[in-house]
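Here the structure comes first, spelled out in structure tokens, and everything after it is commentary.
The values are calculated or read from the model by the stated rules, or taken from the named source; none is laboratory data. All figures in this text were calculated on a predicted structure; none of them were measured in a lab. Backbone-built Cβ (ideal geometry, glycine too); neighbour counts: all protein chains shown. Only protein heavy atoms, including side chains, enter the accessible area calculation; ligands, DNA and RNA are left aside. Shrake-Rupley method; radii C 1.70, N 1.55, O 1.52, S 1.80 Å.
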Amino acid sequence: MDDPIILTQFNVSKAIRDNILVNFSECGLASSLRSFQVKYVNPITKLCIIKTSIEDFQKVWSAIPMVRSIGNCLVLFNVLDLSGSIRACKNAALKCEEVIFEHYKLAVGARLSADVTQHMDNCPEKIKFLEY
């Protein structure tokens, strides 16, 4: 499955920041930048973990589903979990990664490369070591 764009922390962050700017002006963007961070992106499963403060989460949360593209690639964000703790977020992300990767393996079948398998084997460790 070749994608037209590889998701990175930078391009996901830029797309969300650009949308915050459009919908909440420069003042809204400036206030949300204090705490907004894309902490994790998996380019294979497309799972992202985004951090923001309790004061700014409504701006960020409402801007995320309005992102329609990253680069020239159409995207659709689904907010899977909203959590007040990193532990709960990690647990939700680990479960989600496992399910999505199982679906991915079924979709690609024998074309699953060793590199992709290695990348996915390293993902749980990356998630476990995330900190606020």
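Before moving on, here are some points about what is shown:
- If the condition is being in contact with a Lys or Arg (Cβ under 6 Å, 6 or more places away or on another chain) and either among the aliphatic types (A, V, I, L, M) or surrounded by fewer than 17 Cβ atoms within 10 Å (Cβ to Cβ) (or both), then region 21-44 contributes only GLN37.
- From the list GLU131, GLU98, the lone residue that is surrounded by fewer than 12 Cβ atoms within 10 Å (Cβ to Cβ) and among the acidic types (Asp, Glu) is GLU131.
- Top-ranked residue of region 47-79 - restricted to ones that are open to solvent by 80 Å² or more (accessible area, probe 1.4 Å), without any contact (Cβ under 8 Å) to a residue 60 or more places away in the chain and not in a helix (DSSP H, G or I), ranked as nearest to LEU29 (Cα to Cα): GLU55
- Residue in region 111-120 that is of a type in the set (Ser, Thr, Tyr), over 23 Å from LYS14 (Cβ atoms) and not in a loop (DSSP other than H, G, I, E, B) present: yes
- Selection status of SER35, part of a loop (DSSP other than H, G, I, E, B) and of a type in the set (Ser, Thr, Tyr): yes
For every residue, the table says whether it meets (1) of a type in the set (S, T, N, Q); (2) in contact with a strand residue (DSSP E or B) (Cβ under 7 Å, 6 or more places away or on another chain).
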site: LEU47; (1), (2): no, no
site: LYS51; (1), (2): no, yes
site: ASP56; (1), (2): no, no
site: TRP61; (1), (2): no, no
site: ASN72; (1), (2): yes, no
site: ASP81; (1), (2): no, no
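- Given (1) among the small types (Gly, Ala, Ser); (2) over 25 Å from GLN58 (Cα atoms); (3) open to solvent by 80 Å² or more (accessible area, probe 1.4 Å), number of the condition ALA107 does not satisfy: (3)
- Some residue of region 80-93 being open to solvent by 50 Å² or more (accessible area, probe 1.4 Å) and under 18 Å from THR8 (Cα atoms): no
- Single unsatisfied condition, LEU94 versus (1) in contact with a Pro (Cβ under 8 Å, 6 or more places away or on another chain); (2) touching a residue at least 40 places away in the same chain (Cβ under 8 Å): (2)
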